[in-house]
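*Asks:* Let me give you the structure first, and then I'll get to my questions.
The values are calculated or read from the model by the stated rules, or taken from the named source; none is laboratory data. On a predicted model such as this, the values are computed, not experimentally measured, just so you know. Counting neighbours? That spans all protein chains shown, and the Cβs are built from the backbone with ideal geometry, glycine included.
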Amino acid sequence: MAKKIKVLIVDDSMLIRAMFAEMLANEPDIEVVGTAIDPFDAREKIKQLNPDVITLDVEMPKMDGISFLEKIMALRPMPVIMVSSLTAKGADITIRALEIGAADFLTKPAAQDEKNLLAMKHELVSKIKAATKQNLFSRSERIVVSSPALSFKGNSANKLIAIGSSTGGVEALRDVLQVLPANLPPIVITQHMPAGFTKSFATRLDKLCAATVHEAQHLQALEAGNIYIAAGDKHLEVRGSAGRWQAFIRDGETVSGHKPSVDVLFSSVAENVGKRAIGVILTGMGHDGAAGLLKMREAGSHTMGQNEASCVVYGMPKVAKNLGAVENELPLSKIAAEIVRLCG
């Protein structure tokens, strides 16, 4: 028999501990080996039970989830799934947790009806399984935070940069974007993230980056020196012509399993920007973005993908590479410089 994934549930709420344990009880390849009521209890349980994955509440007594996550990542790196409330504070803390190295996050359902609980169970199970496949050593390939900002002396007119990412993307995007110069062409980004979290993500990036970072708005002009993040529950497209591109926000069904979808963004860039564009696909589970990046390359865009060693999950970039969509594969630490070079 295959080895079961050992899970430790860390939450000060008895209800959540019982709910998660019940959701996972009948999963044939997952075993809940224990629960903990706070980080101090969790520390002892980790030593005793040696779990493969931890679910960790963001807000707890005695020590908050962020402080405990920092200790885990420094002393015993392991897959951690943060459990967050759908609040502005919860979103801010969760973004910080993903930057530190949390594998993923789960939001508590606003209403605990049967439909929401079933959806949460499916998400919990899939994220636990995905977490065990993540590359915990990819962070050794990351850019050092103190890396100097790059400079750009080229012409930013009539060009555009499109980036897609998923699992591990919060870290990867931060590391790339914070060293890019302010005067680059407009950058449009789809990162898989639920509604309510992308605004917090954009606000946090805006404090770290030389360029101005926004959550993209419908019909917003795409201008040099600006970065536009797709909202968490809408598709982002680029429409218009050279020098007069706009963000087009629309609802609709999921595409490649996601909304926002990287494939939707990249396909629109292929159609409306073509050879003037640069496409970048970063770490992520699944295949979203691969087909769209291929369209970009076929339209004459420069394309690149993050390499396996530096990816938290080498899923989306791998599929894109196998499709022939990736012109150049690079470690995360070299992607920012390559973007600047191609813009010039």
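*Asks:* For segment 300-329, how many residues meet the condition of being under 13 Å from G279 (Cβ atoms) and of a type in the set (A, V, I, L, M)?
*Replies:* Here the count works out to 6.
*Asks:* Scan (1) modelled with pLDDT under 90; (2) closer than 24 Å to M285 by Cβ for the single condition M63 breaks and write down its number.
*Replies:* All conditions are met except number (2).
*Asks:* Would you confirm, using the coordinates I've provided, whether H258 is under 30 Å from T107 (Cα atoms), crowded, with 18+ Cβ neighbours inside 10 Å and out of contact with any Lys or Arg (no Cβ under 7 Å at 6 or more places or on another chain)?
*Replies:* Numbers: under 30 Å from T107 (Cα atoms): yes; crowded, with 18+ Cβ neighbours inside 10 Å: yes; out of contact with any Lys or Arg (no Cβ under 7 Å at 6 or more places or on another chain): yes.
When the stated conditions are applied, H258 passes them.
*Asks:* Across segment 75-92, which residue is farthest from Q178 (Cα to Cα) among those that are β-branched (V, I, T) and either modelled with pLDDT of 90 or more or crowded, with 18+ Cβ neighbours inside 10 Å (or both)? Spell out the reasoning first.
*Replies:* Of all residues in segment 75-92, those β-branched (V, I, T) come to 80-81, 83, 87.
Right, trim to either modelled with pLDDT of 90 or more or crowded, with 18+ Cβ neighbours inside 10 Å (or both) and you get 80-81, 83.
Working: V80: 25, I81: 25, V83: 27 Å.
Per the criteria, the residue is V83.
*Asks:* Would segment 45-58 turn up any residue that is hydroxyl-bearing (S, T, Y) and at pLDDT below 90? Can you show your working first?
*Replies:* At the first step, the residues of segment 45-58 found to be hydroxyl-bearing (S, T, Y) are 55.
Narrowing the set further to residues that are at pLDDT below 90 leaves none.
No, segment 45-58 contains no residue that is hydroxyl-bearing (S, T, Y) and at pLDDT below 90.
*Asks:* Within segment 234-251, can one find any residue that is among the small types (G, A, S), out of contact with any Asp or Glu (no Cβ under 7 Å at 6 or more places or on another chain) and over 21 Å from S156 (Cβ atoms)?
*Replies:* Step one: of segment 234-251, the residues among the small types (G, A, S) are 240-243, 247.
The next check asks that each one be out of contact with any Asp or Glu (no Cβ under 7 Å at 6 or more places or on another chain); those that pass are 240-243, 247.
Subset that is over 21 Å from S156 (Cβ atoms): none.
Among the residues of segment 234-251, not one is among the small types (G, A, S), out of contact with any Asp or Glu (no Cβ under 7 Å at 6 or more places or on another chain) and over 21 Å from S156 (Cβ atoms), which makes the answer no.
*Asks:* Quick one: what pairs do we get from segment 247-259, first residue in the same structural domain as A224 (by TED's automatic domain parsing), second acidic (D, E) and modelled with pLDDT under 95, C-beta under 7 Å, 6+ apart or different chains?
*Replies:* Between residues of segment 247-259 that are in the same structural domain as A224 (by TED's automatic domain parsing) and residues that are acidic (D, E) and modelled with pLDDT under 95, the close pairs are K259/D233.
*Asks:* Suppose we filter I16, I46, I95, I37 for residues that are in contact with a helix residue (DSSP H, G or I) (Cβ under 7 Å, 6 or more places away or on another chain) and surrounded by 13 or more Cβ atoms within 10 Å (Cβ to Cβ); which single one remains?
*Replies:* On the way: I16 fails: in contact with a helix residue (DSSP H, G or I) (Cβ under 7 Å, 6 or more places away or on another chain); I46 fails: in contact with a helix residue (DSSP H, G or I) (Cβ under 7 Å, 6 or more places away or on another chain); I37 fails: in contact with a helix residue (DSSP H, G or I) (Cβ under 7 Å, 6 or more places away or on another chain).
Only one candidate passes the filter, namely I95.
*Asks:* Quickly run through segment 108-142 and pick out the residues that are at pLDDT below 85 and of a type in the set (S, T, Y).
*Replies:* S138, S140
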